[in-house]
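Each remark here refers to the structure printed beneath this line.
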Amino acid sequence: MALFDKGKNYSFVIDFSRLSLQFIKADSDDHHLRTEMHSRLFNAAIQTARYELAHSTLALFTDTALQTSSLRTLVTKMCETAYASQLVELPFIGLQETVDEVLAQKCQSIVDVNAGIPYHKILYAWRIKHSDFRGAAAISLERLQRLQQSGDGDKLIGDDGLETAVTRQYVTLINALSCVSEKQAWILSEEPPQKSNTASVGSKAAPPKRKVVTLADVRKAYQAELDRIAAIENNQFAFGVDPDEMDVL
């Protein structure tokens, strides 16, 4: 197996590592050998895009640190190779919270939500799959705020004359919050950091304000956004409007 691994013949690595594991007795004290077999099997499965095998191998790891780092590798690799839908379907028994944390960290590291791997959408799908509707709404709101900051919210998409990336994201957010009871249809929102050129050197930035956003708030904001887009399309521009009325979230 080591020879095939050195030669990067990963299909044979999988075959011989699985054979090796079959012949290691269950009561054997050779934990190092078992760990090495699992690690090489996992790596070979990743290299050959056999992600279900990599997933099942993770459950056999006894080293928690190795299991966590390998899980991060699996999640990242599946997202990078357009296997996100398959990722969402894998059970990850006992590791679901860690998968959520990995995806959430990926979302935080995104600079431009309009480019690269759509980690916000992947995490939204993951949370919907596991019935975490408020969590899905929270990550959807974060993506909405970033879209609004990007300045691309006025670009029309689709055949509907009023549909933009922002309005589409509003619909996604509304759908998530609509899946819970009326009393639970709310999330906490942090205001996105504002760019400022007037901050003095050494001054500390004020902590972001948090507020409750309800389903009713989101629907109201969605309608306001539709009205704004319609006004732009009809060359109707408001003057002297209070900025707070436009900043609905």
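What to note about this one:
- Once the stretch 177-190 is narrowed to residues that are over 11 Å from L144 (Cβ atoms) and of a type in the set (G, A, S), the residue that is least open to solvent (accessible area, probe 1.4 Å) is A185.
- Taking the conditions (1) buried (at least 17 other Cβ atoms within 10 Å of the Cβ); (2) in contact with a Ser or Thr (Cβ under 9 Å, 6 or more places away or on another chain) in turn, D154 satisfies each one other than (1).
- Of all residues making up the stretch 70-115, the number that are assigned to a helix (DSSP H, G or I), among the hydrophobic types (A, V, I, L, M, F, W, C), open to solvent by 20 Å² or more (accessible area, probe 1.4 Å) and farther than 21 Å from Q47 by Cβ: 1
- Filtered by the rule that a residue be part of a helix (DSSP H, G or I) and open to solvent by 40 Å² or more (accessible area, probe 1.4 Å), the stretch 126-137 gives I128, K129, F133, R134.
- Helices (runs of 4 or more DSSP H) completely within the stretch 1-67 that count 2 or more residues being surrounded by fewer than 19 Cβ atoms within 10 Å (Cβ to Cβ) and either touching a residue at least 60 places away in the same chain (Cβ under 8 Å) or among the small types (G, A, S) (or both): 10-22
- Residue in the stretch 104-116 that is modelled with pLDDT under 95 and in contact with a His (Cβ under 8 Å, 6 or more places away or on another chain) present: yes
The values are calculated or read from the model by the stated rules, or taken from the named source; none is laboratory data. Quick caveat: nothing in here was measured; it's all calculated off a predicted structure. As a convention, Cβ positions derive from the backbone with ideal geometry for all residues, glycine included, and neighbour counts pool all protein chains shown. For the accessible areas, the whole protein counts, side chains as well, though only heavy atoms, and no ligand, DNA or RNA atoms are used. Shrake-Rupley method; radii C 1.70, N 1.55, O 1.52, S 1.80 Å.
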